[in-house]
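What follows draws every value from the coordinates through simple rules; no lab data is involved. Everything quoted here is computed from the prediction, not taken from an experiment. When we count neighbours, we look across all protein chains shown, and the Cβ atoms used for this are built from the backbone with ideal geometry, even at glycine.
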Amino acid sequence: MNQLQKMKKMLKIRVSVADSMVLVGIGLAASYWVLESIFNIFTTDDVNFFNQHLGPDINEIWPRIIVFCLFIFFGSHVQFTINNRKQAEEALVVSEEKYRNILQSIEEGYFEVDLNGQITFFNESACRMLGYSREELIGFNHRNLTTLETWRQAERIFADVLETGQSAYLSAYEVIHKNGSARILELNISRRNDREEQPIGFRIVSRDVTERLKDEREKLRLESQMHEARSATILGLAKLAEYRDEGTGTHLERMREYSRIIAEKMATMSKYGEYITPGFIEDIYRSAILHDIGKVGVPDAILLKPGELTKEEFEIIKTHAILGGDALEAIESQIEGKSFLTLGKEIAYYHHEKWDGSGYPEGLKGRQIPLSARMVALADVYDALTSKRFYKDAFTHERAKEIIVGLKGTHFDPEVVEAFLAAESQFDHIRREMQEESDDPIAELKKTALN
């Protein structure tokens with residue numbers, strides 16, 4: 001049964017033309033042997049039949065048959081090989097024609113260049129992209145289509161593709177249109193090889209992104225304008241609270257500079273490297289000025305009282321942290337996603353909390369206090385100490401530093417104090433520079449008008 005199944009399986013195998021020719025040759029030889037055997041059995045005159053029909057000597061037919069079989073065997077395979085090669089070449093021509101037709105129909109520009117940079121093939125999109133006709137572009141050196149500076153930047157990339165065989169991507173490659181205008185292309189560059197896998201040039205697929213980049217730049221410009229307008233509006237609102245309490249100085253401007261310096265120093269500490277990102281630093285710079293926004297809700301009689309506050313009045317003053325935090329939380333709730341107001345809210349609520357838990361409004365302790373509020377707390381106290389008030393003169397930088405160091409671990413986060421000490425020269429420089437500006441009424445008037 002198994003042998004029968006094997007026989008059927010063998011019979012189902014497709015036999016090639018060449019193998020069929022070989023089988024015919026073998027079949028002829030076998031047929032001659034069968035005929036010879038039959039005639040030898042049934043004829044009395046030995047080989048008379050063969051002498052009449054095949055020649056006087058029967059043995060002469062064997063070389064003829066062998067040659068005939070060899071001719072059939074080798075000739076059939078030669079013909080089969082020739083036919084296969086012709087079919088393969090025809091299929092290759094058809095395939096290349098289809099490939100070329102596809103390249104002509106795509107929107108992206110397609111170039112083939114040799115190792116000297118001469119353009120050997122391109123599609124219609126490439127002509128439209130560069131403004132040249134087919135006659136003008138063929139044989140043109142692609143390096144002459146760009147500026148010298150652009151080619152110097154791209155030359156290393158082409159060399160790497162040639163050396164490694166790995167494709168490369170160029171996001172912005174400037175070319176000169178026939179009309180003289182500059183166009184920006186995205187390029188995908190790959191190496192072209194011959195049949196022996198030796199490099200013969202490059203394939204370049206290009207996409208014109210000039211308009212897209214213009215749109216992106218315009219979008220960035222508008223976003224920048226909106227960002228500046230928003231920051232100016234926020235500064236103006238914060239100024240309203242500052243004017244009611246501290247006059248027309250540059251307290252807010254100094255505050256945000258101090259806060260940014262602390263954040264930048266703490267970002268260099270390994271434990272904060274991943275948390276204090278450039279985005280965090282920018283947000284704390286923009287939101288630190290909102291720390292006392294809640295003072296707009298404190299009555300003037302208490303906020304501007306020249307004498308010492310009563311216990312009840314001080315409790316009312318302390319509500320500015322809650323008022324400011326609640327106001328910013330209400331604004332934040334109208335904005336999708338996280339914004340710099342998240343830090344602004346934290347700062348407004350908690351910049352009067354103390355490391356030992358003795359602050360307000362919630363008496364938070366240690367790392368329960370948000371990092372942003374811990375930073376701004378020190379910046380606020382430093383600026384208060386080094387600024388002149390109606391009830392005190394400004395302290396020197398050295399005296400302010402002594403006070404802050406003395407409050408390390410009680411009022412202030414020890415790590416924030418270390419960041420302050422690492423950047424104290426920057427604090428002192430900003431203090432002197434911005435206080436000089438605030439002492440000049442003309443400069444201050446111009447600055448306020450611009451803001």
With +1 assigned to the C-beta of every Lys and Arg and -1 to the C-beta of every Asp and Glu, and no other charges, what is the dipole magnitude of the stretch 106-208 about the Cα centre in debye, to the nearest 20?
180 debye
Give me the compactness ratio for the stretch 106-208, meaning the Cα radius of gyration over 2.2 N^0.38 Å.
1.01
Flagged as over-length at 21 Å C-alpha distance, from Lys305/Lys388; Lys271/Lys408; Lys305/Lys408; Lys295/Lys401; Lys295/Lys318, the pairs are Lys305/Lys408; Lys295/Lys401
Please report the base-10 log of the normalised intensity I(q)/I(0) for the stretch 316-400, using a Debye sum with one equal scatterer per alpha carbon and no solvent, at each q in 0.10, 0.21, 0.26 (1/Å).
-0.30, -1.01, -1.17
Highest-first arrangement of 291-297, 144-150, where packing means the average Cβ count within 10 Å:
291-297, 144-150
Just to confirm my numbers, what's the Cα centroid distance between the stretch 364-392 and the stretch 299-329 in Å?
16 Å
Loop chymotrypsin sites (Phe, Trp or Tyr not before Pro), the stretch 247-290, which have at most 11 other Cβ atoms in a 10 Å radius of their Cβ (DSSP)
Tyr275
When the chain is fully extended, how far beyond the present Cα-Cα distance does Leu421 get from Glu228, taking 0.36 nm per residue of separation?
66.3 nm
Long-range amide H contacts for Arg191: which residues qualify at under 5 Å (H placed 1.01 Å from N, peptide plane, sequence gap of 5 or more or a different chain)?
Arg203
Gain upon complete extension [Lys392, Glu211; 0.36 nm per residue less C-alpha separation]:
59.1 nm
